[in-house]
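Here is the structure we will look at.
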Amino acid sequence: QVQLVESGGGLVQAGGSLRLSCAASGSILKINLMAWYRQAPGDQRELVAYITGGGLTNYVESVKGRFRISRDNANSTLYLQLNNLKPEDTAVYYCKGNIQTRPNDYAADYWGKGTLVTVSP
């Protein structure tokens, strides 16, 4: 069984910074692509950024230049550095990992339960 646990959310003023973490644990053989999503009240969940196993990254246009995704493969941890935060960044942030648990099985997507980021004006 695999668990993803996010941390690092909180209340911050506009222009401030936060660093989110997502720790993966359990029966993990290999972690492929990892990603951060967010969901604001009343909105659909949207992809914020992803990072491949090889370190290639991509971001939604609204966060380019402000957010930075990274990963520590040795510790199975995903990060999201959030800088110059805006009120419209307020949302629950979720991490997702494409994870293989057995040698002859396909990888599957696993989700964390989310961490709330609130940005005040």
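The values are calculated or read from the model by the stated rules, or taken from the named source; none is laboratory data. Only a predicted model underlies this, so the values are computations on that prediction, with no experimental measurement involved. Cβ atoms come from the backbone with ideal geometry, glycine included; neighbour counts cover every protein chain shown. Heads up: the accessible areas ignore ligands, DNA and RNA and are worked out on the full protein's heavy atoms, side chains in. Shrake-Rupley method; radii C 1.70, N 1.55, O 1.52, S 1.80 Å.
Here are some notes:
Rundown of residues vs (1) under 14 Å from the mean Cα position of the chain (by Cα); (2) open to solvent by less than 50 Å² (accessible area, probe 1.4 Å); (3) closer than 14 Å to GLY114 by Cα; (4) not small (Gly, Ala, Ser), yes/no style:
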{"site": "GLY26", "(1), (2), (3), (4)": "no, no, no, no"}
{"site": "TRP36", "(1), (2), (3), (4)": "yes, yes, yes, yes"}
{"site": "ALA49", "(1), (2), (3), (4)": "yes, yes, no, no"}
{"site": "LEU82", "(1), (2), (3), (4)": "yes, yes, no, yes"}
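- Strands (runs of 3 or more DSSP E) fully within the range 39-121 counting 1 or more residues that are among the small types (Gly, Ala, Ser) and either farther than 18 Å from GLN1 by Cα or in contact with a Cys (Cβ under 6 Å, 6 or more places away or on another chain) (or both): 46-51, 67-72, 91-100, 115-120
- GLY53 vs. criteria of a type in the set (Gly, Ala, Ser), under 19 Å from ILE99 (Cα atoms), open to solvent by less than 60 Å² (accessible area, probe 1.4 Å) and within 15 Å of the chain's Cα centre (by Cα): yes
- Residue list for the range 59-69, restricted to those being over 16 Å from GLY97 (Cβ atoms) and either open to solvent by less than 90 Å² (accessible area, probe 1.4 Å) or of a type in the set (Ser, Thr, Tyr) (or both): TYR59, VAL60, SER62, VAL63, GLY65, ARG66, PHE67
- Applying a threshold of 9 Å to beta carbon distances and a minimum spacing of six or more residues, or different chains, the list of pairs starting in the range 87-104 at a residue that is under 17 Å from LYS30 (Cβ atoms) and ending at one that is among the polar types (S, T, N, Q) and not in a loop (DSSP other than H, G, I, E, B) reads CYS95/SER21; CYS95/THR115; GLY97/ASN32; ASN98/ASN32; ILE99/ASN32; GLN100/ASN32.
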